[in-house]
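*Asks:* Pasting a structure here, questions to come.
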Amino acid sequence: MLRMSPLAPLLTAALLAAVIAALLPDATRHRTPGSLAVWPGVAAAALATLGLAGALAERTDVAGAALALLIVALTVVVQVYASRNLRGDPRARSFFALSLLAALGSTTAIAADDVVLLAVGWTLSTLSVIALIASGGSGPQTRIAVRRSAVALLIGDAALWAAVVVATASTGSISLAALGSLEGTSAALVGALVAIAAIARAGSFPLHGWLPATAATTTPVSALLHAGFVNAGALLLLRFSAVPSDLGPWIAGIAGAITLVVATLAMLTRADVKGRLVHSTAAQMGFLLLACALGAYGLAFVHVIGHALFKASLFLGAGSAVEHALRERALPRPTPSRVGGVVGTAVVLAAAAIAVAASDAFAHPPAALLLFAITTATVAGARIGASSARVSTRAGLLLTLALAVVGYVAVVFPGAEALVPVAGAAVLPWGVTVAVFLIAAASLLAIRSARPLSDRIFAFALAWGRPPLGAPTTPSWASASAGGPLEYRRVS
């Protein structure tokens, strides 16, 4: 049962205090403007930790409490990073205030036990993030990002508010608990509208264009976007999972499947670090939508937590990626070990087979999702085995990977359902997941081949989420800084 935590008002007060602290004038010039907000933010993270402990003790809304802690803690970590990264930047104060408002909106939506308060928090988070993206400057890339994010995200918010109106008018109540009493057309309409809102927030097809455009924003904003903001789509689908509608899961599942396949291909076409990270986020969000459509909300939230922590570390460390790449380029490239690659593949597949045989993983309806996890681990095992590292190092890494696969298949996958117990949720047939996996595998093999089809797939993936190219208004030798990259000169 969903019940608002008694610590929710205190968490809201702490975040509001942090917003006020960000706007206060600083007593010393040596401090980044707005960085005073970090200390009230730490207090908010402590309150969120207590909220998670209480949820675990009472076994009520553990997923919501964990997501609230994740959002607040990541906001504080990114702000600590920004206090150095944005030192001397006139946009620093607005970043601290707006990032806290986004966290406040997200935690309000998480703690809400009625649809109106949920929508209010959702929209506050949306408006704050659009303003954060706009704080990236006045260049053409930023203008494109602001325009695209505003259109896509506000379409999603409008769909959510429409769902709130329909649900309230049909049930006569604003409580989330009343959603299960929806019937017929009202249930189908609410399910479809909520799916659209989740798709927009996740940056998935057909509202996917805003997420790749945000690669132009600052690193702290990118970290908040990809580690916390986009993950909220899974929470929204969970909160409305009681709606008796098959239409919503189908819309979310198909949109997620398309995004998963195409964004993965698009990631392979990008040479820049942030571009690859953006498309990998989009692919992961597609996977989360597909998992939610299958009723695997617990597994989706496990991936939300893992993705948020992993992606935040990657974005905050993106600045050193160029130096790392230059150092690697200066070193001689060793010849990959084919035998090692085969051994690495065999080790991971054997571990997965043992874990599947020893557990009841395939007794769960969303078991087809294991195809993606096992395949990803197998590719990683092949790369580890084929690397030029010492045999002992490769053996240790392969053993660690094999244990991780066993733990995921035998423990995490079946145990995730206990994290988010949802009864009676409408699900897609498992055959849809298998079809998506086969299409994704075939596309990845095709794009790496040397055939004309590979060029067509590459061109399609390269254009995914990008505005159409306009006619150049300056000579090709002119500085790109005058008008930005050509791909951002014109938007249809």
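The values are calculated or read from the model by the stated rules, or taken from the named source; none is laboratory data. Everything numeric in this text was worked out from a predicted model, so none of it was measured. Quick reminder, even Gly has a Cβ in these numbers, built from the backbone with ideal geometry, and neighbours come from all protein chains shown.
*Asks:* Of everything in the range 285-307, what is closer than 22 Å to Thr75 by Cβ, buried (at least 24 other Cβ atoms within 10 Å of the Cβ) and not β-branched (Val, Ile, Thr)? Give them in sequence order.
*Replies:* Of all residues in the range 285-307, those closer than 22 Å to Thr75 by Cβ come to 285, 288, 300-307.
Within this subset, residues satisfying the condition of being buried (at least 24 other Cβ atoms within 10 Å of the Cβ) are 285, 288, 300-301, 304.
Passing the criteria: Met285, Leu288, Ala300, Phe301.
*Asks:* Among the residues of the range 48-62, which ones are assigned to a helix (DSSP H, G or I) and surrounded by fewer than 24 Cβ atoms within 10 Å (Cβ to Cβ)? Reasoning before the result, please.
*Replies:* Pass one, the range 48-62, residues assigned to a helix (DSSP H, G or I): 48-58, 62.
Selection gives Thr49, Leu50, Leu52, Ala53, Gly54, Ala55, Leu56, Ala57, Glu58, Val62.
*Asks:* Within the range 348-438, which helices (runs of 4 or more DSSP H) (wholly inside it) include 2 or more residues that are within 30 Å of Val190 (Cα to Cα) and touching a Gly at 6+ places or on another chain (Cβ under 6 Å)? Steps first, answer last, please.
*Replies:* Working: elements: 370-386, 391-407, 413-419.
Those helices (runs of 4 or more DSSP H) span 413-419.
*Asks:* If you don't mind, there's one more thing I want to ask. How many residues are surrounded by fewer than 24 Cβ atoms within 10 Å (Cβ to Cβ) and of a type outside the set (A, V, I, L, M, F, W, C) if we restrict to the range 92-125?
*Replies:* Matching residues across the range 92-125 total 7.
*Asks:* Of these, Ala68, Ala44, Ala145, Ala48, which one is out of contact with any Pro (no Cβ under 8 Å at 6 or more places or on another chain), of a type outside the set (Phe, Trp, Tyr) and touching a residue at least 60 places away in the same chain (Cβ under 8 Å)? Full working, then the answer.
*Replies:* On the way: Ala68 fails: touching a residue at least 60 places away in the same chain (Cβ under 8 Å); Ala44 fails: touching a residue at least 60 places away in the same chain (Cβ under 8 Å); Ala48 fails: touching a residue at least 60 places away in the same chain (Cβ under 8 Å).
Ala145 is the lone residue from the list that is out of contact with any Pro (no Cβ under 8 Å at 6 or more places or on another chain), of a type outside the set (Phe, Trp, Tyr) and touching a residue at least 60 places away in the same chain (Cβ under 8 Å).
*Asks:* What do you reckon, is Ala159 in a helix (DSSP H, G or I), farther than 23 Å from Ala55 by Cα and of a type in the set (Gly, Ala, Ser)?
*Replies:* Values: in a helix (DSSP H, G or I): yes; farther than 23 Å from Ala55 by Cα: yes; of a type in the set (Gly, Ala, Ser): yes.
Yes: the conditions hold for Ala159.
*Asks:* Among what's in the range 215-241 and is modelled with pLDDT of 85 or more and over 13 Å from the mean Cα position of the chain (by Cα), pick the residue that is surrounded by the most Cβ atoms within 10 Å (Cβ to Cβ). Walk me through how you get there before you give the answer.
*Replies:* Of the residues in the range 215-241, the ones modelled with pLDDT of 85 or more are 220-225, 229-241.
Checking the rest, the ones that are also over 13 Å from the mean Cα position of the chain (by Cα) come to 220-221, 236-241.
Values: Pro220: 25, Val221: 27, Leu236: 25, Leu237: 29, Leu238: 23, Arg239: 21, Phe240: 25, Ser241: 22.
Per the stated criteria, the residue is Leu237.
*Asks:* Another question about this same structure. If Asp89 satisfies every condition in (1) acidic (Asp, Glu); (2) over 24 Å from Ser35 (Cα atoms); (3) surrounded by fewer than 21 Cβ atoms within 10 Å (Cβ to Cβ) but one, which is the exception?
*Replies:* (2)
*Asks:* What are the pairs, 6+ residues apart or on separate chains, where a residue within the range 84-102 that is within 16 Å of Leu225 (Cβ to Cβ) and touching a residue at least 24 places away in the same chain (Cβ under 8 Å) has its Cβ under 8 Å from a residue that is among the aliphatic types (A, V, I, L, M) and outside any helix (DSSP H, G or I)?
*Replies:* Hits for this filter: Phe95/Leu86.
*Asks:* Still on this structure: For the range 252-276, what are the residues that are surrounded by fewer than 21 Cβ atoms within 10 Å (Cβ to Cβ) and touching a helix residue (DSSP H, G or I) at 6+ places or on another chain (Cβ under 6 Å)?
*Replies:* Just the residues of the range 252-276 that are surrounded by fewer than 21 Cβ atoms within 10 Å (Cβ to Cβ), to begin with: 254, 258, 267-276.
Those that are surrounded by fewer than 21 Cβ atoms within 10 Å (Cβ to Cβ) and touching a helix residue (DSSP H, G or I) at 6+ places or on another chain (Cβ under 6 Å): Met267, Thr269, Arg270, Val273, Lys274, Gly275, Arg276.
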